[in-house]
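Written out below as structure tokens is the structure these notes cover.
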Amino acid sequence: MSTRKMVVGNWKLNPATLAEARRIIKRTRLTAKELKNVEVVACPPFVFIPACVSKRDTTVAIGSQTVSPETEGPHTGEVSARQVVDVGATYTIVGHSEERQRGDTDERVSRRLSAALDAGLTPIICVGEKVRDENGAYLETLKEQIKNSLGNIAKKHSRDIIIAYEPVWAIGAKDAMQPADIYETSIFVKKVCADIFGPESAIKISVLYGGAVNPLNAADIIKTGKVDGLLVGRESVNMVGFVELLRAVEDII
Ligand code: PGA
């Protein structure tokens with residue numbers, strides 16, 4: 001876990017053209033160069049990864065938005081972790097709720113995670129409850145999801161993973177979760193990680209927050225929510241907003 005804050009841009013199914021992808025990554029890189037306290041990762045759609053990777057300039061690390069649980073063979077439409085590494089990506093998102101909504105189970109997320117680790121990618125594993133009930137049953141759901149998604153990896157890999165806590169109800173929403181609640185839940189996430197990997201390993205795992213992060217709430221989410229960084233959807237392809245967001249995070253420290 002570094003003292004720099006991490007901001008990961010999840011471009012989702014954007015932008016529509018390669019020319020625009022080049023513009024976004026260029027602007028992101030120019031801004032990232034000004035920053036000392038922020039580590040920036042961009043996760044474009046697979047097809048744009050090679051154009052976004054720069055061997056000369058690694059200011060912004062590149063990740064994919066998922067990887068196949070399979071390594072090779074008859075799996076039409078899939079992209080393997082090794083292929084993603086070969087074109088220069090170093091991170092991958094795994095288990096995003098939009099992928100889970102399309103039918104991915106914890107078991108499949110856990111296989112994607114293993115495939116990513118085997119190929120040498122740093123996985124950013126998304127977890128989060130769909131709804132919050134007043135009596136706190138969502139904590140049990142969250143715990144199960146984390147245990148089932150992470151439980152199969154070796155303890156030594158705890159230092160190679162990043163967790164993104166993303167309450168599903170906040171993704172694509174107008175408002176993010178309240179920073180005080182983010183703090184409470186991120187502690188819970190670390191506690192579950194401690195059950196899996198032991199307290200010493202768990203304390204070193206970076207936990208990000210994602211869901212309706214924007215330039216106005218980013219700094220407070222990190223400061224009051226005490227998370228190690230942010231996973232940003234919509235705002236990561238809005239160039240004006242993303243530049244402001246990155247600068248807001250830079251100025252926290
Ligand atoms: P959002 O998405 O920032 O657009 O809410 C976050 C995510 O899906 O990772």
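The values are calculated or read from the model by the stated rules, or taken from the named source; none is laboratory data. Just so you know, these numbers come straight off a predicted model, no measurement behind them. With ideal geometry, Cβ positions are generated from the backbone for all residues, glycine too; neighbour counts draw on all protein chains shown.
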Exercise. Any residue in segment 60-71 that is exposed (fewer than 15 other Cβ atoms within 10 Å of the Cβ) and either touching a Gly at 6+ places or on another chain (Cβ under 7 Å) or within 20 Å of Val240 (Cα to Cα) (or both)?
Worked result: no
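Tally the residues that are in contact (Cβ under 8 Å) with a residue 60 or more places away in the chain, within 16 Å of the ligand (Cβ to nearest atom) and at negative phi, restricting the search to segment 6-40.
In the first step, residues of segment 6-40 are kept if they are in contact (Cβ under 8 Å) with a residue 60 or more places away in the chain; the result is 6-12, 14-15, 23-24, 27-28, 31-32, 34-40.
Going one step further and asking which of them are within 16 Å of the ligand (Cβ to nearest atom), we end up with 6-12, 14-15, 24, 28, 40.
Filter once more, so that each one left must be at negative phi: 6-11, 14-15, 24, 28, 40.
Residues in segment 6-40 being in contact (Cβ under 8 Å) with a residue 60 or more places away in the chain, within 16 Å of the ligand (Cβ to nearest atom) and at negative phi: 11 in total.
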For this session: Give segment 52-103 a look and list any residue that's assigned to a loop (DSSP other than H, G, I, E, B), touching a strand residue (DSSP E or B) at 6+ places or on another chain (Cβ under 7 Å), within 16 Å of the ligand (Cβ to nearest atom) and not β-branched (Val, Ile, Thr), or say none.
Result: Gln65, Gly95, His96
Exercise. Within segment 119-156, how many residues turn out to be farther than 20 Å from Gly210 by Cα, modelled with pLDDT of 95 or more and either buried (at least 18 other Cβ atoms within 10 Å of the Cβ) or in contact with a His (Cβ under 8 Å, 6 or more places away or on another chain) (or both)?
Worked result: 2
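Yes/no matrix, rows are residues, columns are (1) under 19 Å from Ala61 (Cβ atoms); (2) within 15 Å of the ligand (Cβ to nearest atom):
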site: Tyr183; (1), (2): no, no
site: Ile205; (1), (2): yes, no
site: Gly211; (1), (2): no, yes
site: Asn214; (1), (2): no, yes
site: Ala219; (1), (2): no, no
site: Thr224; (1), (2): no, no
site: Asp228; (1), (2): yes, no
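Just one of Ala116, Ala194, Ala173, Ala164 is modelled with pLDDT of 95 or more, closer than 21 Å to Gly9 by Cβ and away from the ligand (no atom under 16 Å from the Cβ); which is it?
Ala116
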Seminar exercise, completed: For segment 236-245, the count of residues that are over 15 Å from Arg23 (Cα atoms) and within 14 Å of the ligand (Cβ to nearest atom) equals 1
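Just one of Leu150, Leu142, Leu230 is within 18 Å of the chain's Cα centre (by Cα), under 19 Å from Lys5 (Cβ atoms) and in contact (Cβ under 8 Å) with a residue 12 or more places away in the chain; which is it?
Leu230
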For this session: Output the residues belonging to segment 200-224 that are part of a helix (DSSP H, G or I) and out of contact with any strand residue (DSSP E or B) (no Cβ under 7 Å at 6 or more places or on another chain).
Result: Glu200, Ser201, Ala202, Ala219, Asp220, Lys223, Thr224
Exercise. Any residue at all in segment 78-99 that is touching a His at 6+ places or on another chain (Cβ under 9 Å) and under 25 Å from Lys190 (Cβ atoms)?
Worked result: no
Exercise. Got a number for residues in segment 225-251 being assigned to a loop (DSSP other than H, G, I, E, B), under 21 Å from Asp175 (Cβ atoms) and either acidic (Asp, Glu) or in contact with a strand residue (DSSP E or B) (Cβ under 7 Å, 6 or more places away or on another chain) (or both)?
Worked result: 2
